[in-house]
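The values are calculated or read from the model by the stated rules, or taken from the named source; none is laboratory data. These numbers come from a predicted model, not from an experiment. FYI the Cβ positions are ideal-geometry reconstructions off the backbone, even for glycines, and counts take in every protein chain you see. With ligands, DNA and RNA removed, areas are computed over all heavy atoms of the protein, side chains included. Shrake-Rupley method; radii C 1.70, N 1.55, O 1.52, S 1.80 Å.
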Amino acid sequence: MASAEEILDALDEEQRKVALATRGPVCVIAGAGTGKTRAITHRIAYASAIGVMDPQRVMAITFTARAAGEMRTRLRMLGYPGVNARTIHSAALKQLLYFWPSVFGGQSPEFLTSKTPFINASVERAGIKLPVNSRDALRDIATEIEWAKVNQIDHDDYQQQATNRVLRGDLSLEQMEQIYRDYDEIKNLDGAIDFEDVLLLTAALLAESPIHLAEIQAQYRSFVVDEYQDISPIQQRLLELWLGDRNQLCAVGDVNQTIYSFAGADPKIFMNLPQRFPDATVLRLTTNYRSTSNIVNFANQINKNSSSALDLHPIRSSGAEIAFNVFD
């Protein structure tokens, strides 16, 4: 197990400030390639080493299973294998299945890995003819359903809330609403739930059951959320339930790296964190270890007029000149 001094010695000056900010709320604006995973895993390890955190009561959330696995590996190498590092869907599913027998009774539902069979059935029921390349159309419909669910938009409210959405495949909002409605009806009759249902059901269960919510809040005292710019409204709602009236949150992100807005992610949730927590410690990671100076300097030029821009500082020397190519 690494000592507190060894944990800090492995960090640069900016990363060290993150590790030393052991009490929340903490907002870390981390540019690309600046070592944010190193910073937050060392923060957990350092806080555990000095007794500020109990590693068994830390939940570290990220957005891919691969990133969660990397986080667990790093924490294990630092001597703290007991930290619960997982995706938010995985954490929610674990809680949902744990509470299911006592809350709903009976067998737990089947978990869908693909929406396609149920979307196919709902399109057929609605009598809608899809374009020739139906695989792309089915994927677009799945994305639209996911967007509606993570924004907690019910079938009855879909058309009003989606007026500014651009639907592909020549679908009308009325047709999309019917597909959305039929999809959930057919899926529910089959006793299945999808990724978004996991979040919605877990949030509803905890919101309506103070006993079960208290159990989760007693288990987890500190939260670290990576890639916070890609959090969606339903994920934020679930996180707020886990937190309760506490403020032991370390949120790490960069709105310039938002990639899931098409599916309902809202970077404003991250941007507004200092307003929600006026006493938050706001830190920045700006030293880029990943890219050549050509790339970093060009990225700085592109982002210079953005209100959320970070001026990144490259460590690597110049590489190949940046090339521009045009494709159909």
**Request:** List every residue pair whose Cβ atoms lie under 9 Å apart, where the two residues are 6 or more positions apart in sequence or sit on different chains, the first residue falls within the range 127-153 and is over 21 Å from residue 269 (Cβ atoms) and in a loop (DSSP other than H, G, I, E, B), and the second residue, located anywhere, is open to solvent by 50 Å² or more (accessible area, probe 1.4 Å) and at pLDDT 90 or above.
**Result:** 128/175; 128/178
**Request:** From 19, 45, grab the single residue that is crowded, with 17+ Cβ neighbours inside 10 Å and over 23 Å from residue 310 (Cα atoms).
**Result:** 45
**Residues being among the β-branched types (Val, Ile, Thr), open to solvent by less than 40 Å² (accessible area, probe 1.4 Å) and part of a loop (DSSP other than H, G, I, E, B) - total across the range 154-184** = 0
**Prompt:** Mind checking which residues of the range 219-257 are hydroxyl-bearing (Ser, Thr, Tyr) and either under 16 Å from residue 53 (Cα atoms) or open to solvent by 30 Å² or more (accessible area, probe 1.4 Å) (or both)?
**Reply:** 220, 222
**Message:** Looking at the range 177-198, I want the residues that are at negative phi and have a partner that is of a type outside the set (S, T, N, Q) and open to solvent by 70 Å² or more (accessible area, probe 1.4 Å) with Cβ atoms under 6 Å, at least 6 apart or on another chain. Which pairs are those?
**Reply:** 182/125; 192/110
**Condition broken by residue 23, with the remaining ones in (1) charged (D, E, K, R); (2) under 23 Å from residue 235 (Cβ atoms); (3) not in a helix (DSSP H, G or I) satisfied** = (2)
**Message:** What's the number of the only condition in (1) assigned to a helix (DSSP H, G or I); (2) among the aliphatic types (A, V, I, L, M); (3) open to solvent by 30 Å² or more (accessible area, probe 1.4 Å) that residue 71 fails to meet?
**Reply:** (3)
